[in-house]
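Scroll down for the structure; my scribbles are underneath it.
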Amino acid sequence: MGNKVERSLFNDVMVPCYSPLEMIPVKGQGSRVWDQDDNEYIDFAGGIAVSCLGHCHPAMVNAITEQASKIWHLSNVMTNEPALRLAKKLTELSFADKVFFANSGAEANEAALKLARRVAADKYGTDKSEIIAFKQGFHGRTFFTVTVGGQAAYSDGFGPKPGDVTHLDYNDIEAFKAHISDKTCAVMMEPLQGEGGIVSPTPEFAKAVRELCDQHNALLIFDEVQTGNGRTGTFYAYEGLGVTPDILSTAKSLGGGIPIGAMLTTDEFAPHLKVGTHGSTYGGNPLACAVAEAVVDIVSQPETLAGVAEREALFRDGLTKINDKYGIFSEIRGKGLLIGAALNEEWQGRAREVLVAAEKQGLMVLVAGANVVRFTPSLVIPKQDIEEGLARLDKAIASIV
Ligand code: PLP
């Protein structure tokens, strides 16, 4: 094993903006993962809400293998078949008529924000530039998206920020009503806050935001990077909320593990990004689009979506039983397979401790902030893996109470 890549190499050669666990996974199949020492893990993390069909799903392996022997990359000087097929499917599955492809969630959001600013400038003039977003929201790490995200800790320290961005309290209808004006060009929100702690909007709040956007000619942007592609049990979370945005961003589960993002909008707004106003070298890359098409074909099937609700019930039931035993959660929240177990008063700040204890028991989980343990497994995780994973979580919590 002289050539074994050690975790310590990370510290030697990687920019230290991450603090990865000690073990290095080398193989995945379905919802199981193996590390360099052949230790096996059950995956309740899904690569942070990405691996929606688990690891190495045969349909994805086929799609990537087939496309890999045809053509990998062209750039947007030409279009390509997988991108066009995927865009057509995404429009058929949503309110949208037009698609812009990017490579990540942040880039899809960047496109969304730039489109909204363009629409407002073209139609009403440059004074209409305010973007309203929400505290604890997360929209990515480019400078524009991190500034729109509602955690100053992520955007401070990099010099002057893109301007005219306001952050309000999520779910506070009165504050929103009092603030929005004709100078607001767009409102960006997650239809269920993920990174910010798994917080659902109230239906009244979502409806009020939509109505007030209409009153003030502001575009409503739903960031569905984490909630999209079946994660909450409908193909997009907006369907479950009964509120339709003007622009939607999607990424993460769209590629199921291959980097891709997309910004979706309507025939009314898309023409404002005319030739030369925006672009991406890799956006719409045939390899990524071919894989995403295979993912979308499976996730959009009614059986897959119905399976998400069934699996959610198993998680809620299992987590409630664990809580009955150890009394560490104040609430099990979220929707579909975007679930948060919020730690109670006594356990504040200990979410990462749970994550590390779980890893020692062969279970991969996530956190959403310091006080919420987050579960975003594959949407097709075998029910037996859910049961076994929850048993491992039980042991992990027993080891730290
Ligand atoms: N938007 C939301 C809601 C997210 O959860 C994330 C990532 O966690 C992003 C945007 C950023 O996506 P990416 O990391 O692919 O740029």
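Of all the residues in region 139-149, those that are open to solvent by less than 70 Å² (accessible area, probe 1.4 Å) and within 11 Å of the ligand (Cβ to nearest atom) number 7.
The number of residues in region 343-362 that are within 22 Å of Ala313 (Cβ to Cβ) and within 21 Å of the chain's Cα centre (by Cα) comes to 0.
The numbered conditions (1) free of Cβ contacts under 8 Å to residues at least 60 places away in the same chain; (2) within 26 Å of Arg231 (Cβ to Cβ); (3) touching a Lys or Arg at 6+ places or on another chain (Cβ under 8 Å); (4) surrounded by 12 or more Cβ atoms within 10 Å (Cβ to Cβ) are all true for Ile24 except (2).
In region 286-296, the count of residues that are at pLDDT 95 or above, acidic (Asp, Glu) and out of contact with any helix residue (DSSP H, G or I) (no Cβ under 6 Å at 6 or more places or on another chain) is zero.
Against the test of being buried (at least 24 other Cβ atoms within 10 Å of the Cβ), more than 18 Å from the chain's Cα centre (by Cα) and closer than 22 Å to Val187 by Cα, the options Ala108, Ala102, Ala116 yield a single qualifying residue, Ala116.
As a summary of the residue check, Ile381 satisfies the conditions (1) in a loop (DSSP other than H, G, I, E, B); (2) more than 20 Å from the chain's Cα centre (by Cα); (3) closer than 22 Å to Asp35 by Cα except for the one numbered (2). Between Thr65, Thr79, Thr91, the distinction of being under 21 Å from the mean Cα position of the chain (by Cα) and either among the polar types (S, T, N, Q) or over 24 Å from Gly230 (Cα atoms) (or both) belongs to Thr91 only. Which of the residues belonging to region 150-179 are away from the ligand (no atom under 15 Å from the Cβ) and touching a His at 6+ places or on another chain (Cβ under 8 Å)? Selection gives Thr166, Leu168. How many of the residues making up region 226-250 are within 16 Å of Ala116 (Cβ to Cβ) and of a type outside the set (D, E, K, R)? Count: 5. Only one entry of Thr244, Thr234 meets the criterion of being more than 13 Å from the ligand (Cβ to nearest atom), more than 17 Å from the chain's Cα centre (by Cα) and assigned to a loop (DSSP other than H, G, I, E, B), and that entry is Thr244.
Tallying residues that are surrounded by 13 or more Cβ atoms within 10 Å (Cβ to Cβ) and under 24 Å from Lys274 (Cβ atoms) within region 61-78 yields 3.
The values are calculated or read from the model by the stated rules, or taken from the named source; none is laboratory data. Keep in mind that what you see is a predicted model, and the values were worked out from it rather than measured. Here Cβ is always computed from backbone atoms with ideal geometry, including for glycine, and neighbour counts include all displayed protein chains. Heads up: the accessible areas ignore ligands, DNA and RNA and are worked out on the full protein's heavy atoms, side chains in. Shrake-Rupley method; radii C 1.70, N 1.55, O 1.52, S 1.80 Å.
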